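Accompanying notes for the structure given below.
The values are calculated or read from the model by the stated rules, or taken from the named source; none is laboratory data. Every value quoted in this text rests on a predicted model; they were computed, and no experiment measured them. Every residue, glycine as well, gets a Cβ built from its backbone with ideal geometry; the counts of neighbours run over all protein chains shown. These accessible areas exclude ligands, DNA and RNA; they are computed on the full protein's heavy atoms, side chains included. Shrake-Rupley method; radii C 1.70, N 1.55, O 1.52, S 1.80 Å.
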Amino acid sequence: MVANNDLVAFGKKLKEKRTAKKLSLQKLADEADLAKSTVHRIERGDLNFSYKILISLAKALNISPAEFF
């Protein structure tokens, strides 16, 4: 099981990457084919998400998944 603080740290990194690219939650969600609420829950550290979602977010941000860590 992933520790909550790991999810919170990932969420902060995701938000940092998203805002650096000047993307809204909705725009990132659209690009990653996710619901806006899903992206928001990930950014808050409230959702233990799948590898598939990680890859979708990385592709939408045009970064390597490793850049989240």
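Against the conditions (1) surrounded by 12 or more Cβ atoms within 10 Å (Cβ to Cβ); (2) modelled with pLDDT of 95 or more; (3) assigned to a helix (DSSP H, G or I), where does LYS52 fall short? Just the number, please. For LYS52, the failing item is (1).
Of all residues in region 14-48, those satisfying the criterion of being without any contact (Cβ under 8 Å) to a residue 12 or more places away in the chain and within 15 Å of ALA60 (Cα to Cα) are GLU16, THR19, ALA20, LYS22, SER24, GLN26, LYS27, ALA29, ASP30, ALA35, LYS36.
Scoring ASP46 on the criteria (1) open to solvent by less than 50 Å² (accessible area, probe 1.4 Å); (2) closer than 19 Å to PHE69 by Cα; (3) not in a helix (DSSP H, G or I) leaves a single failure, condition (1).
Looking across region 1-43, just one residue is in contact with a Phe, Trp or Tyr (Cβ under 7 Å, 6 or more places away or on another chain) and either in a loop (DSSP other than H, G, I, E, B) or among the β-branched types (Val, Ile, Thr) (or both), and that is ILE42. Looking only at region 1-38, filter to residues that are of a type in the set (A, V, I, L, M, F, W, C) and touching a Gly at 6+ places or on another chain (Cβ under 6 Å); which one of those is most open to solvent (accessible area, probe 1.4 Å)? Taking the candidates together, the pick is VAL8. Of everything in region 55-69 that's of a type outside the set (A, V, I, L, M) and outside any helix (DSSP H, G or I), which residue is least open to solvent (accessible area, probe 1.4 Å)? Restricting to residues being of a type outside the set (A, V, I, L, M) and outside any helix (DSSP H, G or I), the top hit is SER64.
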